[in-house]
1. Taking interchain pairs and intrachain pairs at least six residues apart, which have beta carbon atoms under 6 angstrom, with the first residue in the range 85-98 and in contact (Cβ under 8 Å) with a residue 24 or more places away in the chain and the second surrounded by 18 or more Cβ atoms within 10 Å (Cβ to Cβ) and hydroxyl-bearing (Ser, Thr, Tyr)?
2. Testing TRP59 on (1) in contact with a helix residue (DSSP H, G or I) (Cβ under 7 Å, 6 or more places away or on another chain); (2) aromatic (Phe, Trp, Tyr); (3) over 24 Å from GLY14 (Cα atoms), one condition comes back false. Which one is that?
3. Residue pairs, Cβ under 7 Å, 6 or more apart or interchain, first in the range 122-147 and over 16 Å from GLN64 (Cβ atoms), second β-branched (Val, Ile, Thr) and part of a strand (DSSP E or B). List them.
4. Report yes if GLY125 is touching a Gly at 6+ places or on another chain (Cβ under 9 Å), surrounded by 14 or more Cβ atoms within 10 Å (Cβ to Cβ) and small (Gly, Ala, Ser), otherwise no.
5. Among (1) over 23 Å from ARG13 (Cβ atoms); (2) buried (at least 18 other Cβ atoms within 10 Å of the Cβ), where does PRO48 come up short?
6. Write out, first by first residue and then by second, each pair whose Cβ atoms fall under 7 Å of each other, whose residues are 6+ apart or on separate chains, and whose first residue, in the range 52-64, is without any contact (Cβ under 8 Å) to a residue 24 or more places away in the chain while the second is surrounded by 14 or more Cβ atoms within 10 Å (Cβ to Cβ).
7. Would you mind telling me which numbered condition in (1) modelled with pLDDT of 95 or more; (2) in contact with a Lys or Arg (Cβ under 6 Å, 6 or more places away or on another chain) TYR26 fails?
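The values are calculated or read from the model by the stated rules, or taken from the named source; none is laboratory data. The structure presented is a predicted model; accordingly, all values stated were derived computationally and were not measured. Virtual Cβ from ideal backbone geometry, glycine too; neighbours counted across all protein chains shown.
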Amino acid sequence: MRQLLSALKMTIRGKLNYLKPNEIFYTIHEDILPGHIRQMGLGIKDGPISRRELAGEMWEVTLQVKLVLWSGWVNDDERLLGGAVGRGVLEMAEDVHAALDQNLLQIDNMIEAFSPSETESGPYGNESRTMQRKVITYQYVKEEKRP
């Protein structure tokens, strides 16, 4: 999982270059928004891991990762759709899929990379700060020798 998270962060930094390096971060929970995120952000959260036994002392490992997209522009339309100021969560989601769908991230023995689901977007915040949030799940499958 550590290798996958690191590769994801580097790939997202390279492909979604409108995000500043500190706007792409690891998160311990999808509901936690760091205080330094003001307009846009992308949190990377480890997900469940499952294994299936294969022949020859091998197993197939399925790793899930959640990507939490944040947009906090001035009005609801821009937070959702984007606009002249910046990207909304739906536009960010399109960019994530363009960068990651079928991208094996140059990880040895990775055989599959796709997004099986994503949540609907929704508001997140309080009286002083409102953000729009969307969570995309990505699933990676690799074959590896059992330890």
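1. Going by the 6 Å Cβ cut-off, the qualifying pairs are GLY88/SER71; VAL89/SER71; VAL89/SER121.
2. Tallying (1) in contact with a helix residue (DSSP H, G or I) (Cβ under 7 Å, 6 or more places away or on another chain); (2) aromatic (Phe, Trp, Tyr); (3) over 24 Å from GLY14 (Cα atoms), TRP59 fails exactly one: (1).
3. Matching pairs, first to second residue: PRO123/THR130; ARG133/VAL68; GLU143/ILE111; GLU144/VAL61.
4. Spelling it out, it is not the case that GLY125 is touching a Gly at 6+ places or on another chain (Cβ under 9 Å), surrounded by 14 or more Cβ atoms within 10 Å (Cβ to Cβ) and small (Gly, Ala, Ser).
5. Failing condition for PRO48: (2).
6. Taking only residues 6 or more apart or on different chains, the pairs are ARG52/TRP59; ARG52/GLU60; GLU53/TRP59.
7. (2)
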